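Report on one structure; see the data block that follows.
The values are calculated or read from the model by the stated rules, or taken from the named source; none is laboratory data. Note that the coordinates shown come from a computational prediction; the quantities given were computed from them, not determined experimentally. Cβ placement follows ideal geometry from the backbone for every residue including glycine, while neighbour counts extend to all protein chains displayed. Quick note on the areas: whole protein, heavy atoms, side chains included, nothing else; ligands and nucleic acids left out. Shrake-Rupley method; radii C 1.70, N 1.55, O 1.52, S 1.80 Å.
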Amino acid sequence: MPSFIFFHLLLPFIFVAQPVFEEQVIDNNISIGYGLALGDVDGDGKPDILLADKKQFVWYRNGDWKKFVMVENLTEFDNVCIAAKDINGDGKVEVAVGAQWNPSETSNDQQSGAVFYLVRPQDPTQLWKPVRLHHEPTTHRMRWVQLKNGKHYLVVAPLHGRGNQGGNGAGVKLMAYEFPKDVMNLWKLHVLDSSLHLTHNFDVPAAPAQKGLYVASKEGVKFIDEGFSTKKSVLLSLPGINGAGEVRVGKLSNTVSFIATVEPMHGQQIVLYVNNGQNERIVLDDNVKEGHALAVGDFSGAGRDQVVAGWRNPNKDGKVGVKLYTPTDASGTGWQQQWIDENGMACEDLQVMDMNGDGKPDIIAAGRATKNVKIYWNRSPR
């Protein structure tokens, strides 16, 4: 039988020092804040914040945090996702975006879904040029991925399969777009998987026990090998899982990793599966509502990852926010929690990166109902 361990049962026995964060509001007047990406846009050596808002894709310049519009009003319906990564090694990110967010329309690809590559201008503070790429309906999440062969791909996950209704029907086409030498030419497409339904999000961890893609879906979490090999793709056997909307992979030591999830999609539980030979299931929190954001990072410098999660609707206590969950030891069986933002962030998405070069990861979040973007600076002593 799987073990169900709640953090509050373990708190009286072990307590570890909690990291310290300082909040800074970057923008308090966004429309929705569907998705975030982080990376150096202008080549000054400092990561910037990129945001997929309702009708605009924008970036905020690190330092003065001035907002610049990259492109706006791309499609009839809302924007939904953004991906940024330095692919050609020039110190500046390449950017792709997803739009035409119309999740109830799963058959008509003119009325649902859109994928664009954005060609940067000489001055990145000016408007960027969108290049339309192939798409499936209900385009929802995207990330740049570099394979062990050195090639870069834009991996795009729709929410539904074509013609899907209520999470039933055809499987989602998880697509990889091979980055070409000339972005104006045709991008070669690869279908990585078409067996899952309601693929809400996916992770591409840097150095877990197994490198590859971890896809959260109605069926659970699926692992796809870093070589995109269908022979090495497997639906992970995780005890008690009832579908997942978010997934992230972290580590507790060099030999013990974990998978963190939000269950079910838009769910009320933050859950952990410790890869200790048993895939023990640990419920970190069961008092969130519409959990919609998840990340991992070593915020305290203890050599093991913590989990940060955000939700966008008021929970049983009438609160939205962002919380951090810290392991009390390297086994991963005991956890404690702390507020990062109590009722000031209706979290739609969050990302983690060292934003000021001090060697400590910071948290960046975007709020839906709260209409804000914030940085939580990691001020923990090291």
Compute the Cα gyration tensor for segment 1-148, then decide on rounded, prolate or oblate, letting a ≥ b ≥ c be the square roots of its eigenvalues: rounded whenever a/c is under 1.5, prolate when a/b is larger than b/c in the other cases, and oblate in all that remain. oblate
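So what's the back-of-envelope 222 nm ellipticity for the chain, counting only DSSP H runs of four-plus at -39500 (n - 2.57) apiece and dividing by all residues, rounded to 500? Spell out each step's value before the answer.
Numbers: 1 runs with 4 residues, N = 382.
Helix contribution divided over all residues of the chain: 0 deg cm²/dmol.
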In nm, give the distance between the simple-model label positions of Gln338 and Lys371, each being 7 Å from the Cα along the Cα-to-Cβ direction. 3.2
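Where in segment 89-126 are there chymotrypsin sites (Phe, Trp or Tyr not before Pro) that are in a DSSP coil and have at most 14 other Cβ atoms within 10 angstrom of their Cβ? Walk me through the numbers on the way to the answer.
Working: sites: Trp101, Phe116, Tyr117; in loops: none.
Qualifying residues, ordered by number: none.
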Counting only heavy atoms of protein chains, what accessible area per residue, in Å², does the chain have with a probe of 1.4 Å? 40
In whole percent, and with a 1.4 Å probe on the protein chains, what portion of the accessible area of segment 139-238 is carbon and sulfur? 51
Along each principal axis of its Cα atoms, how long is segment 80-237 end to end? Whole angstroms, biggest number first, please. 46, 39, 24
Please report, in whole Å³, the volume per residue of the convex hull around the C-alpha atoms of segment 54-94. 82
If you average the alpha carbon positions of segment 233-270 and of segment 42-99, how far apart do those two centres end up, in angstrom? 28
Go through [x] 21.6; [y] 22.8; [z] 20.9 and flag the label whose value is the computed Kirkwood radius over Cα pairs in Å for this structure. [z]
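In segment 207-301, which trypsin sites (Lys or Arg not before Pro) are in a loop and have at most 12 other Cβ atoms within 10 Å, using DSSP for the loop call? Show your work: numbers first, answer last.
On the way: sites: Lys211, Lys218, Lys222, Lys231, Lys232, Arg248, Lys251, Arg281, Lys289; in loops: Lys211, Lys218, Lys289.
Listed in order of number, the matching sites amount to none.
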By what distance, in whole Å, do the Cα atoms of segment 299-377 stretch along each of the three principal axes, largest value first? 36, 32, 14
Take the Cα atoms of segment 234-369, find their three principal axes, and give me the spread along each one in whole Å, biggest first. 41, 39, 26
